[in-house]
There are 2 protein chains.
Amino acid sequence: MDRREEIMLAAEKSFSMFGYKATTMDRVAKIANVGKGTIYTFFSNKEELFHSIVWKMVEEMKNVSERTAKEGASFQENAHARIMQLLKFRETHQLFIKLIEEEKELRTPAVGDALTSIEKEILKFIAGKIERGVAKGELKPCDSELIAFLLFRSYLALVNDWSKTHDEQLTEKQITDILNGTIFSSLLV
Amino acid sequence: MDRREEIMLAAEKSFSMFGYKATTMDRVAKIANVGKGTIYTFFSNKEELFHSIVWKMVEEMKNVSERTAKEGASFQENAHARIMQLLKFRETHQLFIKLIEEEKELRTPAVGDALTSIEKEILKFIAGKIERGVAKGELKPCDSELIAFLLFRSYLALVNDWSKTHDEQLTEKQITDILNGTIFSSLLV
DNA sequence: AAGTGACCGAAATACCATTTCGGTCTGCTA
DNA sequence: TAGCAGACCGAAATGGTATTTCGGTCACTT
């Protein structure tokens, strides 16, 4: 395998296991079986390497989300499935988990920036779906960016935050019921 | 003025200016013109004193919010006015500002607990209004706690969080438009 | 030409001496 | 003698500094 790929794999492994701060360039080099200087042939610094890994993860996340959509299903059904998949990825994928944890405990700036740009990318992804829905005549014209924001934040609140102050998680039915009645119903043509 | 009141005023002043961690019992005693031991005659410890002050603030916040509601106005209008008032209080009231800041930077556990219980109280307040709306036949029956949660979180996201990733704040019109079309419209009879 | 790892200095960490502060308690004052 | 004050205590926080860590470079090897 080519050296760049080796380094990417090693970095992904290390960032996933130890987070940003605790992965050292020495460690990445060691895992990749490569001299430390070699890393700097392909990546100009630690942050750029990190960005490459994060970007790769975001692409994978979007692909996974995309794959959950079904051909004949309604807009809400697919939107719901896609967003739930995004949230599931978020709390399942090792690297993502580690980054959220590091942001909470360590406040590493590079990690904060990464999470911000990930959310931005997710919102762009959702907004794109909404625009396509509008173009296909399934949805009323609307401010796709604003709706994407409200929708994603609502999901985040209902799926992740509710259970922080209540004993049991909301069921998927409760979530679909409340959102179909509110945000989705206002979108549909 | 009685000594308990003096102490409360001194504590409120100090917590507002310096936050929880940086207000010392010595300082409170000094401001109140009272010996430190005297504080312990009225409050069993620093946390209890803090709770008293926070509780007083929450009561005031609810009162202020209550006062913005108009007699003849529709449910949405009053709900909107009340919640906007809550959010305004949140970013206007010295003590509240200080607590949010301290939670973000210092992570003082007592402050985190206080903010959690404040939010809980706000949600109870909103849920109560929804229940009254249902009882008066203005709103459809619904899970008031869940709706209160979604509504308040939506406001928080639109008013406070949107501007963190975008250049300009949302206008009040944009906010009412989007929420009247979604959450509120599903509530109304 | 491509790759390596010893090396550099800024920044983080660990360590410990010193200070701070919540809470107690004895003695003072009215 | 009841209510109040502030000196006092020890656990915890803080500050200063000796030491280590780590991102990035570069002279050397293959």
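Miscellaneous remarks
- Selection count where residues are open to solvent by 30 Å² or more (accessible area, probe 1.4 Å) and without any contact (Cβ under 8 Å) to a residue 40 or more places away in the chain, scope segment A:3-22: 7
- Among (1) touching a residue at least 24 places away in the same chain (Cβ under 8 Å); (2) surrounded by 15 or more Cβ atoms within 10 Å (Cβ to Cβ); (3) within 16 Å of DNA strand C (Cβ to nearest atom) - the single one A:Ile31 does not satisfy: (1)
- Every residue from segment A:41-59 that is open to solvent by 70 Å² or more (accessible area, probe 1.4 Å) and over 13 Å from A:Ala11 (Cβ atoms): A:Thr41, A:Ser44
- Residue in segment A:154-185 that is farthest from the other protein chains (Cβ to nearest Cβ), counting only those that are surrounded by 20 or more Cβ atoms within 10 Å (Cβ to Cβ) and in contact with a Ser or Thr (Cβ under 7 Å, 6 or more places away or on another chain): A:Leu179
- Which listed residue is within 16 Å of DNA strand D (Cβ to nearest atom) and within 26 Å of A:Ser144 (Cβ to Cβ), from A:Ala73, A:Ala114, A:Ala69, A:Ala32: A:Ala114
- Taking segment B:116-148 as the range and being open to solvent by 30 Å² or more (accessible area, probe 1.4 Å), of a type in the set (Gly, Ala, Ser) and more than 12 Å from chain A (Cβ to nearest Cβ) as the test, the residues that pass are B:Gly128, B:Ala135, B:Gly137.
- Options A:Lys56, A:Lys62: the member that is farther than 30 Å from A:Ile178 by Cβ, more than 16 Å from DNA strand D (Cβ to nearest atom) and at pLDDT 95 or above: A:Lys56
- A:Glu103, sole failed condition from (1) out of contact with any Gly (no Cβ under 6 Å at 6 or more places or on another chain); (2) within 20 Å of B:Thr165 (Cα to Cα); (3) part of a helix (DSSP H, G or I): (1)
- Any hit, segment A:84-95, residues being in a helix (DSSP H, G or I) and farther than 30 Å from A:Lys136 by Cα: yes
- Members of segment A:60-81 found to be within 30 Å of A:Asp26 (Cα to Cα) and open to solvent by less than 40 Å² (accessible area, probe 1.4 Å), listed by number: A:Met61
The values are calculated or read from the model by the stated rules, or taken from the named source; none is laboratory data. Small disclaimer: the values here were computed from a predicted structure and weren't measured. All Cβ positions, even for glycine, are placed from backbone atoms using ideal geometry, and neighbour counts span all protein chains on display. For accessibility, only protein heavy atoms count, side chains too; no ligands or nucleic acids. Shrake-Rupley method; radii C 1.70, N 1.55, O 1.52, S 1.80 Å.
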